[in-house]
Amino acid sequence: MGSRIILDNEVVEAAVLGGAVLGGGGGGSMEMGRQAARLAVELGSPELITLDSLPEDAVLLTVSAVGAPAARTVYVKPVHYIRTVELFQKYTGQEIRGLITNECGGLAAVNGWLQAAALGIPVVDAPCNGRAHPTGVMGSMGLHRLSGYVSRQVAVGGNPQTNSYVEVFASGSLETAAALVRQASVQAGGMVAVARNPVTAGYARENAAPGAIGRCIAVGRTIIENRSRGPLPVIEGVAGVLQGEIAFTGRVAAVDLETTGGFDVGRVVVRDGDRLAELTFWNEYMTLEIGSVRKGTFPDLLATMDLTTGLPLSSAEIKAGQEIAILHVHRDRLILGRGMKAPELFQVVEKATGKEVIKYIFS
């Protein structure tokens with residue numbers, strides 16, 4: 001028998017905080033996550049269940065947000081998330097037995113809670129990936145390697161008052177459907193709610209990241225428990241839970257950020273005396289170099305933590321002058337989905353960041 005918990009406000013806060021750490025610079029806004037998850041708790045009694053609670057042939061649907069969090073015209077409302085699932089079932093005729101998030105993040109860790117409360121479908125602790133990632137295909141659990149697989153995706157978002165509201169149903173290869181959804185996010189003002197890529201519970205068991213939401217909650221509870229001790233004990237506690245390390249501390253000297261093609265792209269330079277660290281990001285942090293030495297490479301977890309509050313900061317929130325710590329967790333200590341184990345999916349990372357990545361991960 002699998003386990004089952006009713007999601008409440010205590011779990012909301014822990015999931016959002018821990019999710020933001022495992023977002024690794026991406027995964028959406030903590031404040032948006034809090035708002036959506038608290039609304040879910042007010043609407044009903046959403047449940048988080050394990051895969052063992054479902055038969056192997058039960059159909060699970062991935063729900064997420066897609067876009068550039070730093071875009072100023074983002075307009076995604078709770079009703080948009082609910083509508084994606086309703087439209088998906090309408091267009092495909094499939095009965096959805098569980099909802100899974102695409103990744104971890106301040107918003108992503110609670111993806112599906114609102115839909116679960118409104119539609120009575122449980123959330124399943126088997127996200128596509130146990131950290132955040134930039135492209136849809138990275139969160140597709142290896143489906144891109146299935147010959148002839150047809151991806152079906154629904155995207156909803158945008159402000160009707162500015163004529164940017166869109167509802168899109170895309171069907172095609174994973175790459176093509178994901179590209180259409182990404183373009184929909186641009187047209188909608190920067191972000192859309194998405195429902196996509198149904199799989200069986202049996203497939204998710206082998207290719208998703210079972211237990212990763214539980215890990216987000218554990219990390220978040222560590223943050224909450226250590227807050228009274230100060231920022232550094234919070235960050236040290238997080239590093240301990242994740243079996244990582246504080247790789248660098250210092251003041252943010254420069255931030256270069258550009259929103260292009262539905263992504264936040266850029267770099268963060270951190271100074272500690274004469275020492276410099278550089279993080280590159282493509283929504284999520286992709287590389288960490290201290291001096292001229294590569295210290296971390298995606299899908300390693302690279303997270304920025306505020307030394308004033310101890311809380312995680314996304315790449316969209318980093319500002320010059322902030323005192324931060326950079327947390328590094330090696331990929332072998334993360335719960336990763338199948339998409340993190342496919343070298344061909346990392347070529348776009350190299351193109352976006354201008355950094356070598358594949359040789360550091362798959363050599």
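Residues in segment 293-320 near a label at ILE246, defined as backbone nitrogen under 16 Å from the 7 Å Cα→Cβ point? The answer is 303-313, whose backbone nitrogens lie closer than 16 Å to the label point. Rounded to the nearest 500, the 222 nm mean residue ellipticity of the chain from helices alone is -9000 deg cm²/dmol, with -39,500 (n - 2.57) taken per DSSP H run of at least 4 residues. Run the Debye formula on the Cα coordinates of segment 4-212, all scatterers equal and no solvent, and tell me log10 I(q)/I(0) at q = 0.11, 0.12, 0.13, 0.18 1/Å. Values returned for q = 0.11, 0.12, 0.13, 0.18 Å⁻¹ are -0.43, -0.52, -0.61, -1.28. Label positions at GLU86 and GLU31, each projected 7 Å from the Cα along the C-beta direction, are separated by 2.8 nm. Non-local lysine pairs in the chain, meaning eight or more places apart or on different chains, with alpha-carbon distances under 19 Å, amount to 6. Between SER64, SER171, SER185, the Gaussian network model of the chain with springs among Cα atoms under 10 angstrom shows the greatest mean-square fluctuation at SER171. Using C-alpha pairs below 8 Å separated by at least 6 residues, the relative contact order for segment 86-228 is 24 percent. Highest mean packing first, where packing is the average number of other Cβ atoms within 10 Å per residue, the peptides 237-249, 102-114 line up as 102-114, 237-249.
For segment 256-363, the pair-distance distribution built from all alpha carbon pairs, in bins 5 Å wide starting at 0, is 2, 11, 22, 25, 21, 13, 5, 1, 0 percent.
Using the Cβ of ASP332 as centre and a radius below 13 Å, the other residues enclosed give a net charge of +3, where K and R count +1 and D and E count -1. Taking 0.36 nm per residue of separation and subtracting the Cα-Cα distance, full extension of the segment from GLU258 to ARG4 would add 87.3 nm.
Across every direction, the projection of the convex hull enclosing the Cα atoms of the chain has a mean area of 16.9 nm². With springs only between Cα atoms under 10 Å apart, run a GNM on the chain and tell me which of ARG34, ARG72, ARG83 wobbles the most. Its mean-square fluctuation being the largest, the pick is ARG72.
Rounded to 0.05, the FRET efficiency of the VAL79 and VAL348 pair, given R0 = 51 Å and the Cβ-Cβ distance, is 0.95.
Among beta bridges identified by DSSP and lying wholly in the chain, the antiparallel ones come to about 90 percent.
Taking a ≥ b ≥ c as the square roots of the Cα gyration tensor eigenvalues, segment 42-156 comes out rounded, since a/c falls below 1.5.
Read the figures in this text as sums done on the coordinates, not as results from a lab. What you are looking at is a predicted structure, and each value in this text was computed from that prediction instead of being measured. Neighbour counts run over all protein chains shown; Cβ positions are idealised from the backbone, glycine included.
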